[in-house]
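**Q** Have a look at this one before I ask anything.
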Amino acid sequence: DSQLLVAIVVVEFYVADIVCMVSFCILSCERRPLDILATSLRINLTNDYSLPHEAASSFPQHFRVNMYDSKTGNLVYQDFVPEDGGYIKNIPGNYLCFVCNYDEGYLTLENEKNMGTFYITAPQAEEYFEWLYNECRQKLRTRLVSYGYRTQTKDELWTDEVIVLSLNDYFWTGQKSVYVPGIAITDKQYVIPLETSSALKQGRITLTGIKGTEYISSMDCFISNLSSGMNPVKGTCSEAPAIETFRLQIQDSLAQSAFLYFGITERQKAEGHLLYVLVTDTGGGKYLYVYDLNTIQEESEMVYTINTNIDIPEPEHQGGGGFTPHIEEWGIEYFNIPIGQ
């Protein structure tokens with residue numbers, strides 16, 4: 001019967017299609033690697049964004065999670081979570097779980113494959129600020145040499161190896177020694193709680209007793225002999241010194257600002273620090289004031305209130321505001337400021 005023959009042919013085609021589909025699925029499964037891990041491991045973050053002197057201006061949106069082998073210190077794997085935490089892939093083992101801001105901003109991460117070599121630093125400040133600092137330093141050095149103070153000044157005045165940093169963002173870290181068990185897909189979630197806080201320290205400079213603030217256009221600061229970076233896992237600071245630059249905010253007879261820094265080593269504490277304050281008046285003239293911050297015993301003492309004798313006269317030529325590159329035209333004052341004054 002012709003109708004029966006057509007029905008048999010249709011059924012055979014239908015069966016053939018099913019066989020092809022099954023074969024395709026089998027081939028696909030055989031060719032795909034079995035790399036799907038359980039996702040029951042969760043990082044819960046409690047974030048402390050507080051800073052001692054000024055509130056943070058930005059906050060992380062994502063964090064990277066580095067899992068370091070507790071014996072070798074090598075990075076085993078890495079994952080990423082939102083600000084309040086999230087699920088990460090699970091590889092059983094003993095780890096130092098380290099969390100840091102994934103929105104790196106102005107900070108630079110280096111050698112994070114091992115917790116012993118992990119290092120964060122910041123890009124150098126713009127060439128203008130490097131040049132400006134070197135001009136200030138050269139002016140001070142020339143003046144001190146003329147007074148015969150060569151052997152009584154800071155070593156940094158006599159070396160060309162300076163790094164000027166401008167830390168404009170924040171970086172939060174947290175770490176904890178953890179054991180991660182084998183977790184099946186059907187197991188309940190395994191939670192690692194972590195607390196994060198600022199890896200950078202915050203100091204503050206306050207200048208009081210300023211006269212002629214109505215003639216001041218800007219006040220740029222440089223603090224010398226601070227650490228140029230740190231290992232955020234071990235908490236150790238680099239011995240390589242750096243210069244920190246920031247700008248003071250002026251109000252009435254007072255100027256102040258908080259600044260971020262990586263820290264200070266014991267050697268840097270003993271060597272002391274210089275504070276350069278470069279005042280630019282509304283006519284483009286410049287006045288340099290240098291304060292010897294001496295040695296400090298604790299990093300919490302990186303907070304200074306200095307009663308100055310800064311007195312800026314009315315500019316002879318109003319309305320310029322441009323930069324005058326001739327350093328010989330600057331006024332300069334040099335002061336010794338003991339701790340606590």
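The values are calculated or read from the model by the stated rules, or taken from the named source; none is laboratory data. Remember, predicted model here, so these are calculated numbers, not experimental data. Don't worry about glycine lacking a Cβ; one is built from the backbone with ideal geometry, like all the others, and counts go over all protein chains shown. Only protein heavy atoms, including side chains, enter the accessible area calculation; ligands, DNA and RNA are left aside. Shrake-Rupley method; radii C 1.70, N 1.55, O 1.52, S 1.80 Å.
**Q** Got a sec? Which of Glu316, Glu329 is at pLDDT 55 or above, of a type in the set (D, E, K, R) and open to solvent by 10 Å² or more (accessible area, probe 1.4 Å)?
**A** Of Glu316, Glu329, the one residue that is at pLDDT 55 or above, of a type in the set (D, E, K, R) and open to solvent by 10 Å² or more (accessible area, probe 1.4 Å) is Glu316.
**Q** Of all the residues that make up region 49-108, how many are polar (S, T, N, Q) and either outside any loop (DSSP other than H, G, I, E, B) or touching a helix residue (DSSP H, G or I) at 6+ places or on another chain (Cβ under 7 Å) (or both)?
**A** Residues that pass the stated criteria total 6.
**Q** Filter region 69-91 for residues that are farther than 23 Å from Asn111 by Cα and either open to solvent by 60 Å² or more (accessible area, probe 1.4 Å) or not small (Gly, Ala, Ser) (or both) and give the result.
**A** Within region 69-91, Pro82, Glu83, Asp84, Tyr87, Asn90 qualify.
**Q** State all residues of region 163-177 that are part of a strand (DSSP E or B), open to solvent by 20 Å² or more (accessible area, probe 1.4 Å) and not polar (S, T, N, Q); if no residue qualifies, say none.
**A** Within region 163-177, Lys176 is the sole residue that qualifies.
**Q** Looking only at region 115-136, how many residues end up being in a loop (DSSP other than H, G, I, E, B), surrounded by 17 or more Cβ atoms within 10 Å (Cβ to Cβ) and out of contact with any Ser or Thr (no Cβ under 6 Å at 6 or more places or on another chain)?
**A** 3
**Q** Specify the residue that is modelled with the lowest pLDDT; the eligible residues are those in region 26-49 that are among the hydroxyl-bearing types (Ser, Thr, Tyr) and under 14 Å from Thr173 (Cβ atoms).
**A** Tyr49
**Q** Kindly indicate whether any position in region 50-68 is aromatic (Phe, Trp, Tyr), closer than 21 Å to Asp169 by Cα and crowded, with 16+ Cβ neighbours inside 10 Å.
**A** Within region 50-68, one or more residues are aromatic (Phe, Trp, Tyr), closer than 21 Å to Asp169 by Cα and crowded, with 16+ Cβ neighbours inside 10 Å.
**Q** With (1) in a helix (DSSP H, G or I); (2) open to solvent by 20 Å² or more (accessible area, probe 1.4 Å) as the list, and Gly148 as the residue in question, which single condition is left unmet?
**A** (1)
**Q** Test Glu266 against the criterion of being open to solvent by 40 Å² or more (accessible area, probe 1.4 Å) and out of contact with any helix residue (DSSP H, G or I) (no Cβ under 9 Å at 6 or more places or on another chain), and give yes or no.
**A** Details: open to solvent by 40 Å² or more (accessible area, probe 1.4 Å): yes; out of contact with any helix residue (DSSP H, G or I) (no Cβ under 9 Å at 6 or more places or on another chain): yes.
Yes: the conditions hold for Glu266.
**Q** Something else about it: Testing Glu112 on (1) surrounded by 14 or more Cβ atoms within 10 Å (Cβ to Cβ); (2) part of a strand (DSSP E or B), one condition comes back false. Which one is that?
**A** (2)
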